[in-house]
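Undergrad: Below is one structure. I have some questions about it.
A short reminder: the numbers here are calculations on the coordinates, not readings from a lab. Because the structure is a prediction, the values reported are computed rather than measured. Here the Cβ is made from the backbone with ideal geometry for all residues, glycine too, and neighbour counts use every protein chain on show.
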Amino acid sequence: MTTPSIRRPRQPTLQVDAEGVPRFGVGHWYGLGIVLLLLAVVAVGTVIGLAVRDGASARTTLLRHIDPAVLQSARLSTSISAEVGAVRAYTLTGAATGPADYRRAEAETSAAIAETTRLLRDAHDAGPARAGLTEVGSRLAAWRHDYADPLITKTGKPSEVLGEQRFAAVRDAAAAERTRLAALQHHAADRLNDQVNRLYETLLGGAIALVVGALGLTLLIRRTVLRPVSALTGQVRRVSQGDLTHPLQASGPAEIAELAAHIDAMRNHILEEWREASEARAKLDEQTQELRRSNAELEQFAYVASHDLQEPLRKVASFCQMLERRYSDVLDDRGRQYIDFAVDGAKRMQSLINDLLNFSRVGRVSRDMAVVDCEKTLQRALDNLGLARSESDAGISWDPLPKVTGDATLLTQLFQNLVGNAIKFRSEEAPRVHVSARRDEEVWEFACSDNGIGIDAAYADRIFLIFQRLHPKDEYAGTGIGLALCKKIVEYHGGRIWLETEPEQRGTTIRWTLPAIADDTTENAEE
């Protein structure tokens, strides 16, 4: 079955709703909301700034100009009273300090007028007060010129009536000035209170505007994101629960619609792949049934091969031996040689059939895996090779071997084939075979080393192929299946097997791996 190609969902272009109106994206909605919110913040900030500025101006006018001017008006009244007192005392007593007291009071009055004028110069709505202050100064100057100065300098003797008239004008102007300053102070205080109230109202309005903006943004998020995502989530959940035929329909901004389009394209792709997989699974089930039937026929054939096919071979060998015994005096050497060839061929055919049956059964016959003690398995293999060991005077040694998970019969056959090959392909010296094992992370690496004739590195892969022989059958017996059977047993257990190809190595070393198990897994180990 070919792997279906993955179809990428078509990239959606401009999204439109059911009426064909283009959809705005989430970015557009958020951009619009943020712009409106920023405009509201700027407007509120501007109004608050203006209110703070006007309030600060009113406060400065009241505290730094008008209130000090009111205090200076009291100073002015005090200094005018001092001038009048100094003139009257000098007139009654003629004290020598009178002129000096008068001039000092006059200077104090001038300073008060000048300071008040300076304070009112930048005050808002202070024009009438400044004009009244000028009038007070002019009337005071007239009083001094017509009455006070002649008395103090003794250059004249003005009448008391004139002095009273001029001073009454001064007193009236000063009283009017105090009234204007009080009115100006009251107006400035009212203006400051108005600005403070305006600031409070602006802050309240700004807070309301921010709350309204936050609520609007929340509603915008709910409408453009939360509600469409919730609706899309419900539809996707329905699809994920198995309803692959349910189409996805999304409302909301363009991004949500595009996401729905991609998910819907993926749904269609999965649905198509599922249909193809269902068809492939049905075909695979048919092939599996066919394979089971074929395996059953192979097992039946193996049974026939192991019984019916070997029976004629046994008869051929038996009758050939009977011919040799009965007609040995008639047959010449060549005839007896022919009979030996026939008997040897029949026996080799029997051995070849048995080896083929063993090779075919590995991995095909279901066996229960258990924890196998490799030392005990090796010992059973050596017991099976007892005759070959004694005839060749072979010395077998081994390191402590681990426990692995596997089939005890197949692992026994593995050790028996490897050690048997080491004994068979021996050199002129007595065979010496050593079996070792070492842990390499998740596997055990085994090795079977001997001092035999060795194997050329050029045949490192060939020796594990079935029916591959490197020596003539009259020199070394065998069917050429032994190492191929070892390879199949190792691979059946999840390992690999190879020939060690060291350039200066003497003899042969076959290495293989088997998966390691936990050290404490011993409950199923063979006794």
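Undergrad: By what distance, in whole Å, do the Cα atoms of region 383-450 stretch along each of the three principal axes, largest value first?
TA: So the extents along the principal axes, rounded to whole Å, are 39, 22, 17.
Undergrad: Given labels modelled 7 Å from the Cα in the Cβ direction, how far is it in nm from Asp461 to Thr153?
TA: Roughly 13.9 nm, to one decimal.
Undergrad: Another question about this same structure. Subtracting the Cα-Cα distance from 0.36 nm times the residue separation, let me have the gained length for Thr405 to Glu279 in nm, one decimal.
TA: 41.6 nm
Undergrad: What net charge is computed for the residues neighbouring Leu401, neighbours being all others with C-beta under 10 Å from the C-beta of Leu401, Lys and Arg scored +1, Asp and Glu -1?
TA: -1
Undergrad: Where the Cα atoms of region 86-154 are projected onto their three principal axes, how long is each span, largest first, in whole Å?
TA: 47, 19, 14
Undergrad: If you don't mind, there's one more thing I want to ask. I'd like the chymotrypsin sites (Phe, Trp or Tyr not before Pro) in region 371-437 restricted to DSSP loop residues with at most 13 other Cβ atoms within 10 Å, sorted by number.
TA: In loop regions of region 371-437 (DSSP not H, G, I, E or B), there are no sparsely surrounded chymotrypsin sites (Phe, Trp or Tyr not before Pro).
Undergrad: Stretch Glu441-Ala209 to full length: gain in nm at 0.36 nm per residue minus the Cα-Cα span?
TA: Here the answer is 76.6 nm.
Undergrad: Over what distance in Å are the Cα centres of region 61-111 and region 146-179 separated?
TA: 14 Å
Undergrad: A further question follows. Could you give the Stokes-Einstein D for region 160-270 in µm² per second, using the C-alpha Kirkwood radius, 10 °C, 1.306 mPa s?
TA: The calculation lands on 76 µm²/s.
Undergrad: Moving to a separate point now. What net charge do the residues around Ala188 carry, taking every other residue with its C-beta under 13 Å from that of Ala188, with Lys and Arg at +1 and Asp and Glu at -1?
TA: With Lys, Arg at +1 and Asp, Glu at -1, the neighbours total -2.
Undergrad: What is the local net charge at Ala277, summed over the other residues whose Cβ is closer than 14 Å to its Cβ (Lys, Arg +1; Asp, Glu -1)?
TA: -2
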